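Step one of this worksheet: look at the structure below.
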Amino acid sequence: QAQLVESGGGLVQAGGSLRLSCAASGRTFGDYAMGWFRQAPGKKREFVATISWDSTRINYADSAKGRFTISRDNARNALYLQMNSLKPEDTAVYYCAADKTGRVVVTPLSAFWGQGTQVTVSS
């Protein structure tokens, strides 16, 4: 059974940093694209960043560019999101996702999902 477990969320002041981790198990996630999405209260889930299976192709939402860095360690079946210069508008539940078949980007409708980790940024 494929499973994704996020960790690293918490409460941080504006301007601070957090590093999210996603531990994957149940399949060889290193062969597929993975990514981070987030959902703020009252809003739809939105894309944050994706990374291809070999880390050569990375995409960020405009809101994440220059502040967030996605990375993966296929040997450890792990995905990371380093978040710097956090803003109150970054407050959301952050979800790890792994595409079921794609190797370059994550398609939300065909992905495995974690349960999410809460990130709260105070002003």
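In table form, for the structure just shown:
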quantity	calculated
Among the candidates Ala97, Ala64, residue that is surrounded by 13 or more Cβ atoms within 10 Å (Cβ to Cβ), among the aliphatic types (A, V, I, L, M) and either in contact (Cβ under 8 Å) with a residue 24 or more places away in the chain or assigned to a strand (DSSP E or B) (or both)	Ala97
Subset of the range 14-50 [in contact with a Leu (Cβ under 9 Å, 6 or more places away or on another chain), under 22 Å from Ala61 (Cα atoms) and part of a strand (DSSP E or B)]	Leu18, Arg19, Leu20, Ser21, Cys22, Met34, Gly35, Trp36, Val48, Ala49
For Gln115: the one exception among (1) within 18 Å of Gln1 (Cα to Cα); (2) out of contact with any Asp or Glu (no Cβ under 8 Å at 6 or more places or on another chain); (3) open to solvent by 30 Å² or more (accessible area, probe 1.4 Å); (4) modelled with pLDDT of 95 or more	(2)
Candidates Phe29, Phe37, filtered to the one that is within 22 Å of Thr120 (Cβ to Cβ), touching a strand residue (DSSP E or B) at 6+ places or on another chain (Cβ under 9 Å) and surrounded by 18 or more Cβ atoms within 10 Å (Cβ to Cβ)	Phe37
Residues being in a strand (DSSP E or B), out of contact with any helix residue (DSSP H, G or I) (no Cβ under 9 Å at 6 or more places or on another chain) and open to solvent by less than 10 Å² (accessible area, probe 1.4 Å) - total across the range 79-94	3
Every residue from the range 100-121 that is of a type in the set (A, V, I, L, M) and in a loop (DSSP other than H, G, I, E, B)	Val104, Val105, Val106
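The values are calculated or read from the model by the stated rules, or taken from the named source; none is laboratory data. Since the structure is predicted, the reported quantities are computational estimates derived from the model, not experimental observations. Here Cβ is always computed from backbone atoms with ideal geometry, including for glycine, and neighbour counts include all displayed protein chains. Only protein heavy atoms, including side chains, enter the accessible area calculation; ligands, DNA and RNA are left aside. Shrake-Rupley method; radii C 1.70, N 1.55, O 1.52, S 1.80 Å.
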